[in-house]
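Only one structure is covered here, and it is reproduced in the block below.
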Amino acid sequence: MANIDGQVVSDSEVQVVAFKLRNEEYGFSILNVQEIKGLTDITRVPFAPEFIKGVINLRGSVLPVIDLKRRLGLEDTPYTANTRIVIVQLDEVSVGMLVDAVTEVRTINANDIDSTRAVTGTDANSRFISGIGKVDGRLIIQLNISEIIGLTGEE
Amino acid sequence: METNQYMEMFLDESREHLQSLNDGLLSLENDPEDLSVLNEIFRNAHTLKGMSATMGYTKTAELTHDMENLLDMLRKEQLKVSPEIIDVIFKCLDTLQEMVENISNGESEDLVDVSDLIRQINAIAKGESAEAAAPAAPEASAAAPAGGSPGGISITDTEKTVIVEAKSSGLVPYHIHVEISENCILKSARSYMVMNALDEISDVIKSVPPAEDLEQEKFDHSFDVIIVSDADAKAIEHAVSAISEITVAEVTEFDPEKTEAPAAAPAPTTEPPAPTPEPPAPAAPAPAAKAAPPKAAAPAKKDAKPAAKDAKKAHMGGQSVRVDIEKLDTLMNLVGELVTNKVRLEQIGMTHRLTDLTETLEQMDRVTTDLQSVVMKVRMVPVSQVFNRFPRMVRDLTKELNKEINLTIEGEDTELDRTVIDEIGDPLMHLLRNSLDHGVEHPDEREAKGKPRTGEVGLIARHEGNNVVIMVTDDGAGINADKIRNKAVEKGMITREEADALPDADAVRLIFLPGFSTAEVITDVSGRGVGMDVVRSKIESLGGNVDVETKIDEGSVFKIKLPLTLAIIQAMLVKVQDEMYAIPLGSIDSTINITPDDIKTVQNKEVIVLRGEIIPIARLGEVLSVPKGEATNEEDIFVVVVHVGDHKMGIVVDNLIGQQEIVIKTLGKLLSGLKMLAGATVLGDGHVAMILDVSSLM
């Protein structure tokens, strides 16, 4: 399998960084994940959209952090020792995503990924979801980063 | 040859050379007799030609070559500098600029048609040089393609022309046969040294095999070079044979006209010389209409400015490196991070009372401070980067407007942060266009007013405290305050009473108000629909301000004040509940300590009275909807009085932390355009604090 700096370049498999939001498991494509960071101080930004938790200092750069649960309309939970900020990068934009815990990096066969429509129908939040992967009886909901960041989006 | 890696360099340098060419040509226009300027122009054109030929841009090279020929004729006084010639050369520069931009955009240089220009150049060269008795140039193009091969060296027409011309100006062409020792290991290095040595004392016309092959050691143990030089054969021979491992250096005079072989040189080349005859440029006479530019406006007169006669203009190219601005930003970030970590270490030293650590950190503090200031300085660039595009614009516009205007530039060495430089061009351009169009009157009008026919427009930069001031001045008609008043009333921006009550100085400032689109004050030339309010908002977005002073019939001064840098500013840190905010010191008037009793209300709005002045106040916590913590000390209220222009406002905060230099970071795409925030900064302890945009609080 062709391998360019560690990234699997196969059509039939995708690698995802899997993480938890409440009891559900979600995933970002590993190609978009820049790093995973422990919880640090998040500075509130007045007048920012509601789903933006604030900004953090990432080695001297100021980075916005999205509260994923709030973005996906899930109920809030308090921070725990497992809370992480997943730094994702899309085009030139880097953003932190606040998640409850990072579980693992999984390889999912493309055949095991269902399109979302079957499950979510016309739910307003379905645009955030790009597919649902099945691995060992677990479901990993794959997220559409560009919709979540919402640069083209609604606000 | 792999040229991609040189692409950036080629583009950058081409632009630079074109800029110097523009500059040089402008000063030549003012003083056609100045040979040193002409030489400078010629050198620039020559380098440009060489570079584009190396990169394989034949059309660019071709055009520069013809331009260079023309310049050379001027230089040798076979032609006289005329407005017509200057115009054609300017046109060449514009075309070349276009070609370079096309190349830069990844398009082909061929998109631009140069044949017309080349025809014009040749027409000028021919038409005038006929009586100037310069047999060299025209004859060369008529000569048979591909000269003979004297000494096994064949030369192309172009090379022949160069040699003939060099000869006519007193230089001697030589053929040098060089042999390198059989034991030599680094042949290419030796050949390089030979070429270098020759370069110093002569102009190298050609080498066989070509320089590329020499570099790659694609030759046996000998090679041949043709040069022109004013040194004698002995000196050249000496220079070459001084290099070690050179066994034979034979210098013979070279005659391009004859094909006889120089006595000593047995043709050493292994590969057959490839003559590349250049197609003779079509010498059709240019249509008269094309060649003759409108003679309407006299070029900016060489006037009583002897100061401009600086022979020291010869640029001393300092040693420099090109660095991507992004790398500097990264460097800046890293230094910021270093400082942040140092502060953390200091805190550890304090809490654990580690004197050794604290002392070491003091040393480190000095180093990081120096480092920071060096990085800041690296980002600074002289305003000449913006200024030097204006002389050309002024020249063109002056012609277009049929006016006589002299532009004086002062203080172009003044340095500003790169980010400011990038933004300041358009507003300046607008102000200049305004001055040219509306400020300076027509020559006849000026004469009627008893002023010199030539108007003076100035572009002046200088330091003023922690700011850089850029002024656009003119000695024109000035701005009529009454006209502005009437216009403002007409537009319904103020009432007649208000207008009449305004002093003249304030009335003139009305032009900066949005919506003051003044068909009378701003015509098509001065703005593509862009008003002065755009100039103002641009400059204010850079943290600066703009003001105007004017006197009827004496002229106007537009004064732009800019911060030295946008990246680091002095700020006051304040606290509201648990949140920290930074307020730029530049907009802070004073900080005061009041009690709740000092707060009065006017129409339900809270105000305070400070030195007899009524100042509205805003509680920052409420404005920014800071989550409420426990009640804070209600007895002591801190107010930061800020101002924007003449407006003042008090900002009520919970605590003043202190003054600090902060590095401004943008909030990024995702959070752009948030009101009341000008950005964010990372504090010494690693926390992020928001920077308030004071003007939007008002």
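Every number here is computed from the coordinates shown, using simple stated rules; none is lab data. What you see is a predicted model, and the numbers here were worked out from it, not measured in a lab. Using ideal geometry, Cβ is built from the backbone for each residue, glycine included, and neighbour counts are taken over all protein chains shown.
Peptide B:664-674 has a mean shielding of 6, counted as Cβ atoms of other protein chains within 10 Å of each residue's Cβ. As a rough guide to protection, the peptides B:343-352, B:35-44 ranked by mean Cβ packing within 10 Å, highest first, stand as B:35-44, B:343-352.
How big is Rg to Rh over the range B:327-379, alpha-carbon atoms, Rh as the Kirkwood inverse-mean-distance radius? With Rg and the Kirkwood Rh in hand, the quotient comes to 1.08.
Peptide B:681-691 has a mean shielding of 5, counted as Cβ atoms of other protein chains within 10 Å of each residue's Cβ.
How big is Rg to Rh over the range B:568-697, alpha-carbon atoms, Rh as the Kirkwood inverse-mean-distance radius?
Values: Rg = 14.6 Å, Rh = 15.3 Å.
With Rh from the inverse mean 1/r over Cα pairs, Rg/Rh is 0.96.
Please compute the net charge surrounding B:Gly679, taking Lys and Arg as +1 and Asp and Glu as -1 over other residues with Cβ under 12 Å from its Cβ.
Net local charge, B:Gly679 excluded: 0.
Summing charges over all other residues whose Cβ lies under 13 Å from the Cβ of B:Ile608, with Lys and Arg as +1 and Asp and Glu as -1, gives 0.
With the highest mean first, a sort of the peptides A:91-104, A:50-63, B:664-677 on other beta-carbon atoms found within 10 angstrom per residue produces A:50-63, A:91-104, B:664-677. Size descriptors for the range B:12-126, from the alpha-carbon set: Rg then Dmax equal 13.2, 40 Å. Evaluating kT/(6 pi eta Rh) at 25 °C and 0.890 mPa s, with the Kirkwood radius of the range B:371-436 over Cα pairs in the Stokes-Einstein relation, gives 186 µm² s⁻¹. Each other residue within a Cβ distance under 15 Å of B:Asp324 adds +1 if Lys or Arg and -1 if Asp or Glu, for a net charge of -1. Counting, for every residue in A:31-44, the Cβ atoms of other protein chains within 10 Å of its Cβ and taking the mean gives 2. Highest mean packing comes first when the peptides B:205-218, B:369-382, B:320-333 are listed by Cβ atoms within 10 Å, giving B:205-218, B:369-382, B:320-333.
Straight-line cross-link reach from B:Lys218 at under 20 Å between alpha-carbon atoms covers these lysines, not counting any fewer than eight positions away in the same chain: B:Lys187, B:Lys206. Annotation: lysines with alpha-carbon distance below 19 angstrom to A:Lys134 (same-chain offsets under eight excluded): A:Lys20.
Remark: the range B:1-134 carries a charge dipole of roughly 400 debye about the Cα centre, counting +1 on each Lys and Arg Cβ and -1 on each Asp and Glu Cβ.
Annotation: amide H of B:Gly555 within the under-5 Å range of B:Gly476, B:Gly478, sequence separation 5 or more or interchain, hydrogens built in the peptide plane.
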